[in-house]
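*Asks:* Structure below; questions to follow.
Rule-based calculations on the coordinates, nothing more; no lab input. Small disclaimer: the values here were computed from a predicted structure and weren't measured. We place every Cβ from the backbone using ideal geometry, glycine too, and count neighbours over all the protein chains shown.
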Amino acid sequence: MSKEQLRWTETIPTVQDYLDLRIATGLGAIPPQEVAERALANSLYMICAYQGQRLVCFARIAGDGALSYIINSVMVAPEFQGQGLGKALMQAVSDWLIANADASAYVCLMAKEPADQLYQQFGFQAIPGNIGMRWIKP
């Protein structure tokens, strides 16, 4: 199925659809429904595509809407990978950032290999001397 045959939208998916896609893609820990609902509602931007009623890809931007932005939850269902959907998601995210983020803004993301190659196509690069870190609640 080509990306043109999918239904693309910038609206919030159902929490269950979002969680189902997280599970299918193995994207980190699965948050409780109320946490996922709050995260989705507080997004600055999101893009997703459906095959029929099924959410097959998704990406979102979170942040303060001025200086700090984080691209996260970039997901493509396994059977749809390799069809350009990740690139389409990142193009939409990039277009939104170009239209809405100031040049002084800090835009970041965390990438696993080989997805880092996709993000490099959109101007992201590893920063020498820096390491990615995350906080884990004790």
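*Asks:* Residue by residue, what Karplus-based ³J(HN,Hα) values in Hz, rounded to whole numbers, does the stretch 67-77 have, using 6.51, -1.76 and 1.60 with θ = phi - 60° and x for Gly and Pro?
*Replies:* Per-residue couplings from phi come out as 10, 10, 9, 10, 8, 8, 6, 6, 9, 10, 3 Hz.
*Asks:* Rounded to the nearest 500, what is the 222 nm mean residue ellipticity of the chain from helices alone, with -39500 (n - 2.57) per DSSP H run of 4+ residues and division by all residues? Write down the numbers at each step before the final one.
*Replies:* On the way: 4 runs with 42 residues, N = 138.
Calculated mean residue ellipticity at 222 nm is -9000 deg cm²/dmol.
*Asks:* So, one more: Distances over 18 Å make up what percent of all Cα-Cα pairs in the stretch 53-118?
*Replies:* Cα-Cα pairs in the stretch 53-118 separated by more than 18 Å: 38 percent.
*Asks:* Oh, and also: With a length cut of 20 Å (Cα positions projected on each helix's long axis) and a Kyte-Doolittle mean of at least -0.5, go through the chain and give me the DSSP H helices that pass. Intermediate values should be presented prior to the final figure.
*Replies:* Working: long enough: 85-100 (22 Å, 0.68).
Those that pass (Cα extent of 20 Å or more, hydropathy at least -0.5) are 85-100.
*Asks:* Tell me the label-point distance for the pair residue 113, residue 98, using the 7 Å Cα-to-Cβ offset, in nm and rounded to one decimal.
*Replies:* So the label points at residue 113 and residue 98 sit 3.0 nm apart.
*Asks:* A further question on this structure: Give me 109, 27 ranked fewest to most by other Cβ atoms within 10 Å of their Cβ, as a rough exposure proxy.
*Replies:* Ordered from fewest to most neighbouring Cβ atoms within 10 Å, 109, 27 come out as 27, 109.
*Asks:* Can you give the percent of C-alpha pairs in the stretch 6-121 whose distance is more than 22 Å?
*Replies:* Value for the stretch 6-121: 29 percent of Cα pairs lie more than 22 Å apart.
*Asks:* Report the FRET efficiency, 1/(1 + (r/R0)^6), for residue 29 and residue 130, where r is their Cβ-Cβ distance and R0 is 25 Å, rounded to 0.05. Write out the running numbers ahead of the final one.
*Replies:* Details: r = 24 Å, r/R0 = 0.96.
That gives a FRET efficiency of 0.55.
*Asks:* Could you please rank 15, 35, placing first whichever residue has the fewest other Cβ atoms within 10 Å of its Cβ?
*Replies:* Numbers: 15 19, 35 11.
In order of increasing Cβ crowding within 10 Å: 35, 15.
*Asks:* Output the peptides 81-88, 53-60, 111-118 sorted from most to least packed, where packing is the average of other Cβ atoms within 10 Å over each peptide's residues.
*Replies:* 53-60, 81-88, 111-118
*Asks:* Next question, about the same structure. Is the shape of the stretch 1-67 rounded, prolate or oblate, going by the alpha carbon gyration tensor and its root eigenvalues a ≥ b ≥ c, with a/c under 1.5 for rounded and a/b larger than b/c for prolate?
*Replies:* Oblate.
*Asks:* Moving to a separate point now. Quick one: net charge of residue 107's neighbours, Cβ under 14 Å, K/R +1, D/E -1?
*Replies:* Cβ neighbours under 14 Å give a net charge of -2.
*Asks:* Amide H neighbours of residue 108 under 5 Å, counting only residues 5+ apart in sequence or on other chains, H built in-plane at 1.01 Å?
*Replies:* Amide H to amide H, under 5 Å and 5 or more residues apart or across chains, residue 108 pairs with 69, 70, 71.
*Asks:* Could I ask something else about it? How would you rank 68-79, 90-101, highest first, on the average number of other Cβ atoms within 10 Å across their residues?
*Replies:* 68-79, 90-101
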